Amino acid sequence: MRNLFRLAAGVNMTPLMVQIQRQSLWKADTYLRDYPQGPFEDVDTIFLRFPPASVTEMERDGRDPHECVWMDGSLHLPAARALIFSLMHTVEGERLGRVMINRIRPGGRIFPHADTPLHATYWDRFHYVVQSAPGVNFRVDEETVFMQTGECWWFQNQLEHEVVNNSADDRIHLIVDIRCQYLSFRGELPTKPL
């Protein structure tokens, strides 16, 4: 099985980038950055979809631990919705999970970590590269790649992964979790364009 796969290149990120730059959404929510012992202290996040409560609370209350709801950030970034639903169509997604936009400042990083098996075995993780520059390295297990602006990638987030931004620009990704029950990246990918 491959640990990461480039699904598309040349996707127009200009509409989303313009919407992001016109607003002050980065400091609205510091959940990931403030998470105890978390790997995201250098990351700013705009949440578009996220669980309404912690997994523990949802399981305790008998709710689906994978349920996500639209957040306020989605109202301000309609260009993201077009990208999200185009991707859902391409990969024949059955359910949409977490969606967020992460920014790593120059010199910043996402420290090595692996997502929980509960999350990573249920969802497929996709990254749209909204902005990046040479010097941004994305490592999954023992493979390191430079993901370029306008690309879309799938990767196995149950494996240890990290990002180091050694560029002079912010690294910005739109991260989308999709339940793809019938899609396996061990074989052929669908040929529909994004």
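Each reported figure results from applying straightforward, stated rules to the coordinates on display, with no laboratory input. Quantities reported herein were computed from a predicted structural model and do not represent experimental measurements. Virtual Cβ from ideal backbone geometry, glycine too; neighbours counted across all protein chains shown.
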Item to check | Positive dipole terminus of the chain, leading residue within PRO106, PHE50, HIS119 (C-beta point charges) | outcome: PRO106
Checklist entry - Per-residue HN-Hα couplings for region 148-164, Karplus 6.51 cos²θ - 1.76 cosθ + 1.60 at θ = phi - 60°, whole Hz, x for Gly and Pro? => result 8, 3, x, 9, 10, 10, 9, 8, 8, 7, 7, 8, 4, 8, 7, 9, 10
Item to check | Distant-in-sequence amide H partners of ARG95 (H built 1.01 Å from N, under 5 Å) | outcome: ARG179
Item to check | Within the chain, longest stretch free of exposed GluC sites (Glu not before Pro) [DSSP loop, at most 15 other beta carbons within 10 Å] | outcome: 95-141
Checklist outcome for this item: In order over region 126-142: 3J(HN,Hα) from phi, Karplus 6.51/-1.76/1.60, θ = phi - 60°, whole Hz, x for each Gly or Pro, gives 10, 10, 8, 8, 7, 8, 7, 8, x, x, 8, 10, 10, 10, 10, 6, 9
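How much net charge surrounds ALA53 when only other residues with a Cβ under 13 Å from its Cβ are counted (Lys, Arg +1; Asp, Glu -1)? Don't skip to the answer; put the middle values down first.
Numbers: positive: ARG60, ARG63; negative: GLU57, GLU59, ASP61, ASP64, GLU67.
Every neighbour counted, the sum reads -3.
Evaluate the relative contact order of region 4-179 (contact order divided by residue number), counting alpha-carbon pairs under 8 angstrom at least 6 apart; express in whole percent.
29 percent.
Summing +1 for each Lys or Arg and -1 for each Asp or Glu, what net charge is found among the other residues whose Cβ lies under 15 Å from the Cβ of THR149?
0
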Checklist entry - Quick one: Karplus J couplings for region 90-105, per residue in order, coefficients 6.51, -1.76, 1.60, θ = phi - 60°, nearest Hz, x for Gly and Pro? => result 4, 8, 6, x, 9, 7, 9, x, 5, 9, 8, 10, 10, 10, 10, 5
